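Reviewing the structure listed below.
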Amino acid sequence: MTEIQPAEKVEDIEIRLLLEALYITYHYDFRNYSIASIKRRLRQAREQMGFANFSALQERVMHEPDMLPRLLRYLTVQVSEMFRDPSYFRALREKVVPHLRTYPSLKVWVAGCSGGEELYSLVILFREEGLEERTIFYATDINQEALHVAESGIFALDRVRLFTENHRNSGGKSSLSDYYQAAYGRVSFDKTLRRNVVFSDHSLVTDAVFAEMHLISCRNVLIYFNRSLQDRAVGLFKDSLVRKGFLGLGAKESLRFSRYAGAFDEFVREEKIYQKRGA
Amino acid sequence: MTTKAEAVVVGASAGALEALSAILPALPREFRLPVMVVVHVPSDRRSVLAELFQAKCRVQVREADDKEPIAGGTVYFAPSDYHLLVEPDKSLSLSSDEPVLFSRPSIDVLFESAADAYGEGLVAIVLTGANEDGAKGMRAVLDLGGVALVQDPDRAFAPAMPQAAIRLCPSARVMALEEIAMYLQKV
Ligand SMILES: C[S@@+](CC[C@H](N)C(=O)[O-])C[C@H]1O[C@@H](n2cnc3c(N)ncnc32)[C@H](O)[C@@H]1O
């Protein structure tokens, strides 16, 4: 007979339905993200947007497309820094760049670029190493607002101190202040840094491969996926890289449990930099 | 004593090292539960807690990896600068979401996700600390039927965190470190 469900079970069902509704209605697919962290952020959204439960939230989001960007702000985490984990960028500079130099032209993909912090870090590093001119950078994300921020190159002034320190610790050869102008509590990065950048809306969950990349940097995105989704994304990277191309992940991400681990060699183990096998 | 216990979560801040030293090394070799631990450490420093305690403990101790299946008889420390969460399928997740109450890793984030995953099978422990992290998480643990233990604030290096937990969770059991260690040996 009908048994009363405890409250948290109903919540789980509502969350599953909400994610399904988002997928069917808007083609945003969060169904295979890590549940624990999606749940936490959806609870924040529900509270701060003032809904009594997820069914009510679902109804509004389905009927008012304007609500979608607001919800996406919760569902996609926009936490980033320039030269985050300076030792990663140092390893790229010291160990990967010498290999990249041997190519006459280069393609770099920053997947899940958020507001552009990681992208600008790489462009500056490439400029310092004299590789920028021969490189096309692809910066992709599913969050449109984040992509717009990335394209604007504008950041809050109070973040720049950390960026500067990170840049220095990464072995930066110039001064970060060479690349931006400060005004009204914000800094605006030089538009020439975007000369060779293509921004685009691309999902690692639902979209296809990019061609012939020499370096893919995808940091702190895979931790938000469950294992099968991580496999999909890594498969996408494998197919998008040239032979001997490089893949850089976040400090706490690895290919250890991946279905495609065998397709890569550890190139700089401590920094989670991998190289696609030649064969 | 509860026999339902399936997992233990621990949160500690200022004075954590000493407090944990009274608890983790006391766990017997055959301890069967997983123990997830959040300690607030400065974000720019690589966490050495796992190595430190591995040398002192009879159970396995390591830093948590993303999407790692949770194993019994193992202590998992949250890495510095990442939140540690428990998934419903009893694996671990890391996240670089914003700090909560200025903390990443956050005790609340671990406790709330673990409460969802383990319900009444969870034992949550709040130790010494100078902030209020853990109180909300402990509330969630109790609301879902779990067990709440708090270090006696009068005997804690920093009383604020246990005090905040007790304020929000008046039914939590207040204990000295040795009593918490004893409790775990029999859980
Ligand atoms: C925590 S940020 C990481 C930013 C940056 N890569 C870093 O490490 O500092 C995660 C980013 O992944 C993006 N993201 C989430 N799901 C995605 C997907 N399916 N495809 C592409 N990007 C995604 C989010 O919008 C967000 O910008």
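The values are calculated or read from the model by the stated rules, or taken from the named source; none is laboratory data. Just so we're clear, the structure is a prediction, and the values are computed from it rather than from any experiment. Note that each Cβ is placed from the backbone with ideal geometry, even for glycine, and that neighbours are counted across all protein chains shown. For accessibility, only protein heavy atoms count, side chains too; no ligands or nucleic acids. Shrake-Rupley method; radii C 1.70, N 1.55, O 1.52, S 1.80 Å.
Please determine whether any residue of segment B:8-15 is within 13 Å of the chain's Cα centre (by Cα), in a loop (DSSP other than H, G, I, E, B) and within 21 Å of A:Leu222 (Cβ to Cβ).
From segment B:8-15, those within 13 Å of the chain's Cα centre (by Cα) are B:8-13; that's our starting set.
From what is left, the residues that are in a loop (DSSP other than H, G, I, E, B) are B:13.
Among the residues that remain, those that are also within 21 Å of A:Leu222 (Cβ to Cβ) are: none.
Within segment B:8-15, none of the residues are within 13 Å of the chain's Cα centre (by Cα), in a loop (DSSP other than H, G, I, E, B) and within 21 Å of A:Leu222 (Cβ to Cβ).
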query: Out of all the residues in segment A:54-97, which are assigned to a loop (DSSP other than H, G, I, E, B), away from every other protein chain (no Cβ under 14 Å) and not acidic (Asp, Glu)?
result: A:Pro65, A:Met82
- request: Scan segment B:88-100 residue by residue and report those that are open to solvent by 10 Å² or more (accessible area, probe 1.4 Å), under 20 Å from A:Leu75 (Cα atoms) and in contact (Cβ under 8 Å) with a residue 24 or more places away in the chain.
  value: B:Pro88, B:Val100
- line: Given the conditions (1) among the aliphatic types (A, V, I, L, M); (2) open to solvent by 10 Å² or more (accessible area, probe 1.4 Å); (3) touching a residue at least 60 places away in the same chain (Cβ under 8 Å); (4) away from chain A (no Cβ under 14 Å), every one holds for B:Leu52 apart from (3)
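State whether one or more residues within segment A:99-113 are in a helix (DSSP H, G or I), surrounded by 21 or more Cβ atoms within 10 Å (Cβ to Cβ) and either of a type in the set (A, V, I, L, M, F, W, C) or more than 15 Å from the ligand (Cβ to nearest atom) (or both).
First, the residues of segment A:99-113 that are in a helix (DSSP H, G or I): A:99-100.
So of that shortlist, the ones also surrounded by 21 or more Cβ atoms within 10 Å (Cβ to Cβ) come out as none.
Scanning segment A:99-113, I find no residue that is in a helix (DSSP H, G or I), surrounded by 21 or more Cβ atoms within 10 Å (Cβ to Cβ) and either of a type in the set (A, V, I, L, M, F, W, C) or more than 15 Å from the ligand (Cβ to nearest atom) (or both), so the answer is no.
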message: Being of a type in the set (Gly, Ala, Ser) and within 14 Å of another protein chain (Cβ to nearest Cβ) is the filter here; which residues of segment A:256-267 pass it?
response: A:Ser258, A:Ala261
- request: Would you mind stating whether A:Val77 is modelled with pLDDT under 95 and either touching a helix residue (DSSP H, G or I) at 6+ places or on another chain (Cβ under 9 Å) or buried (at least 20 other Cβ atoms within 10 Å of the Cβ) (or both)?
  value: yes
message: Of the conditions (1) assigned to a loop (DSSP other than H, G, I, E, B); (2) at pLDDT 95 or above; (3) under 30 Å from A:Leu249 (Cβ atoms), B:Ser80 satisfies every one except a single condition; which number is it?
response: (2)
- prompt: For A:Arg256, all conditions in the list (1) in a loop (DSSP other than H, G, I, E, B); (2) over 15 Å from A:Leu119 (Cα atoms); (3) within 14 Å of the ligand (Cβ to nearest atom) hold save one; what is the number of the exception?
  reply: (3)
- request: Give just the number: which of (1) open to solvent by less than 10 Å² (accessible area, probe 1.4 Å); (2) under 12 Å from B:Val35 (Cβ atoms) does B:Phe111 not satisfy?
  value: (2)
message: For segment A:23-53: of the residues being in a loop (DSSP other than H, G, I, E, B) and among the hydrophobic types (A, V, I, L, M, F, W, C), which is surrounded by the fewest Cβ atoms within 10 Å (Cβ to Cβ)?
response: A:Ala52
query: Within the bounds of segment A:155-177, is there any residue that is within 12 Å of the ligand (Cβ to nearest atom), under 21 Å from A:Gly248 (Cβ atoms) and without any contact (Cβ under 8 Å) to a residue 40 or more places away in the chain?
result: no
- prompt: Can you tell me how many residues in segment A:228-279 are free of Cβ contacts under 8 Å to residues at least 12 places away in the same chain and either in contact with a helix residue (DSSP H, G or I) (Cβ under 7 Å, 6 or more places away or on another chain) or closer than 21 Å to A:Val205 by Cα (or both)?
  reply: 2
message: If A:Val149 satisfies all but one of (1) within 11 Å of the ligand (Cβ to nearest atom); (2) in contact with a strand residue (DSSP E or B) (Cβ under 6 Å, 6 or more places away or on another chain), what's the number of the condition it fails?
response: (2)
query: If we scan segment A:138-147, do we find a residue that is farther than 20 Å from A:Ser114 by Cα, assigned by TED's automatic domain parsing to the domain that holds A:Glu117 and open to solvent by 50 Å² or more (accessible area, probe 1.4 Å)?
result: no
statement: The correct count of residues that are in contact with a strand residue (DSSP E or B) (Cβ under 7 Å, 6 or more places away or on another chain) and surrounded by fewer than 24 Cβ atoms within 10 Å (Cβ to Cβ) in segment B:150-166 is 2
query: Got a number for residues in segment A:220-255 being at the interface with another protein chain (Cβ under 9 Å from one of its Cβ atoms) and of a type outside the set (Ser, Thr, Tyr)?
result: 11
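For (1) in contact with a Leu (Cβ under 6 Å, 6 or more places away or on another chain); (2) assigned to a loop (DSSP other than H, G, I, E, B), each residue gets a yes or a no:
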site: B:Glu18; (1), (2): no, no
site: B:Ala22; (1), (2): yes, no
site: B:Arg29; (1), (2): no, yes
site: B:Arg32; (1), (2): no, yes
site: B:Val37; (1), (2): no, no
site: B:Phe53; (1), (2): yes, no
site: B:Arg58; (1), (2): no, yes
site: B:Asp65; (1), (2): no, yes
site: B:Ala71; (1), (2): no, yes
query: Counting only residues that are within 11 Å of the ligand (Cβ to nearest atom) and basic (Lys, Arg), which one in segment A:192-249 is surrounded by the fewest Cβ atoms within 10 Å (Cβ to Cβ)?
result: A:Arg232
message: Filter segment B:123-164 down to the residues that are within 13 Å of another protein chain (Cβ to nearest Cβ) and either assigned to a strand (DSSP E or B) or touching a residue at least 40 places away in the same chain (Cβ under 8 Å) (or both) and list them by number.
response: B:Gly137, B:Val141
query: Is it the case that some residue within segment B:76-98 is in contact with a Pro (Cβ under 7 Å, 6 or more places away or on another chain) and more than 14 Å from chain A (Cβ to nearest Cβ)?
result: no
